[in-house]
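The block underneath contains the structure these notes are about, expressed in structure tokens.
Computed from the coordinates by the stated procedures, all read-outs in this text should not be read as laboratory data. Note that the structure is a prediction, hence the values are computed from the model and not measured. All Cβ positions, glycine included, derive from the backbone under ideal geometry; neighbour counts span all protein chains shown.
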Amino acid sequence: MDALEKTILSIDIGSQNTKIVEGKNIGGRVLINKIVSIQTPPDTFSDGQITNKEKLKEAINAVLKRENIKTKNVAFTLESTKIISREIVLPWAKPQELEQIIGFEIGQYLPIEMDKYILQYKIIDEIEEEGVKKVVISAVALPRSISEGYLDLAKNMGLIPHFLDIHSNAVHKLLTPKTVVNDSYPLDDQTIAAIDLGHQFINITIIDKGQCEFSRLLNNGGKDIDTDISDLFNISLDEAEAQKMEAKNIDYDTKSDVLTSPTDIIRKIISDWLEEIQKIFRYYTSRDVDNVVDCICIYGGSSNIEGISTYIQKFFNMPTFKTNSLSNVKFNNNSEENDISSYVNAIGAIIRK
């Protein structure tokens, strides 16, 4: 069997929940056997870093046993403020020469010790400037300390580590020009803003006709809403989260400066998020006169807030939808169809390219 067609156990450890998907990639289509989520044990994970491998191992092993998941080939996907990503324009060079040049360039831009980072890159465009052939590179530098944590976790669990992915790359592999979202919205010739509304972070990835242009990470997320509801009503964070998910009528047209209900807080914080996202859109469109954003795909835990896609659509005045299903993600005959919005990163990580 081709290595890319092996059944993979894909694990996306988050600050609040850990998402687990068992499936395989066949020609760019992911066939899912199992999909499950558990609460990430407290004090085991922070900003992409595994901080308590033993406790995390016990929690994941327990759900694998419960779900009768026996696949040993594992992939992890993560996001962290400690990951450095840059788009760099360089003179064209052979692949073996590019890595050295990129490492030097990142070392020039940032005060880091490159031997403490793992460098990965991909060519996202080829251009010509003043008769000189150049390449546009998307480079990612991941701290070795983070990578080693995942490797150790896999080995301690008796799993075979295959690869470590980042969220922006995972979603890029799913949102191709041939993909249809929610059985009704084809992505051909579209520039998509894929927005991961996570608990700790919001990750914005711009994908232009299948090409990943860039991604940016905001230190905002569902935790902001939980904290403010908890503070205003003097309740626990768990109770605040429950009120957040029970809120109705998150309507852009009824915003108020007076915060007297969970819904008011949700509107206020979402508006703050969208102001920051708008700055990223403006940066992208300012880089080239042809750069536009055609639509927005939202996913992640906070995409489940009722009415949030309509709220975002009204703010930006462009098609916006929660990513419930994708045409290149299928469940096998023994699996119940699921809303995949919380599992997009884990599903994308199964595709290795």
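General remarks:
- Rounded to the nearest Hz, the phi-derived 3J(HN,Hα) couplings of the stretch 157-170 under the Karplus curve 6.51 cos²θ - 1.76 cosθ + 1.60 (θ = phi - 60°) are 8, x, 9, 9, x, 9, 6, 10, 10, 10, 4, 4, 6, 4, where x marks glycine and proline.
- Asp251-Asn338 FRET efficiency (beta carbon distance; Förster radius 25 Å; 0.05 resolution): 0.35
- Taking Cα centre as origin and charging only the Cβ of basic (Lys, Arg, +1) and acidic (Asp, Glu, -1) residues, the dipole magnitude of the stretch 84-142 rounds to 180 debye.
- The stretch 84-142 - percent relative contact order, Cα under 8 Å, separation 6 or more: 50 percent
- Computed extension length for Lys353-Ile26: 116.5 nm, one decimal, from 0.36 nm per residue of separation with the Cα-Cα distance subtracted.
- Distance between modelled label sites at Tyr283 and Glu239, nm, 7 Å Cα→Cβ extension: 3.9 nm
- Ordering of 29-37, 198-206, 63-71 by burial proxy (mean other Cβ atoms within 10 Å per residue, highest first): 198-206, 29-37, 63-71
- Label-to-label distance, nm, for residues given as Asp189 and Lys314 (7 Å Cα→Cβ offset): 3.1 nm
- Segment Ile88-Lys155, length gained on full extension (0.36 nm per residue, minus Cα span): 20.6 nm
- By average C-beta atoms within 10 angstrom, highest first, the peptides 228-239, 166-177: 166-177, 228-239
- Residue order, fewest to most surrounding Cβ atoms within 10 angstrom, among Ile207, Ile305: Ile305, Ile207
- For Lys122 and Asn324, the FRET efficiency from 1/(1 + (r/R0)^6), where r spans their Cβ atoms and R0 equals 25 Å, is about 0.30.
- Under-5 Å amide H pairs with Leu326, H placed in peptide plane, nonlocal only: Asn182
- Positive-end residue of Pro161, Thr191, Ile207, charge dipole of the stretch 152-211 with Cβ unit charges: Pro161
- Prolate/oblate/rounded call for the chain, Cα gyration tensor, a/c under 1.5 rounded: rounded
- Highest to lowest packing among 312-318, 93-99, 345-351, scored as the average C-beta count within 10 Å: 345-351, 312-318, 93-99
- Translational D in µm²/s for the stretch 194-353 (Stokes-Einstein at 4 °C, 1.567 mPa s, Kirkwood Rh from C-alpha pairs): 77 µm²/s
- One decimal place: the segment Thr227-Gln49 gains 61.8 nm when fully extended, by the rule 0.36 nm per residue minus the C-alpha distance.
- Charge dipole (the stretch 1-120, unit charges on Cβ, about Cα centre) - positive-most of Thr40, Ile69, Ile26: Ile69
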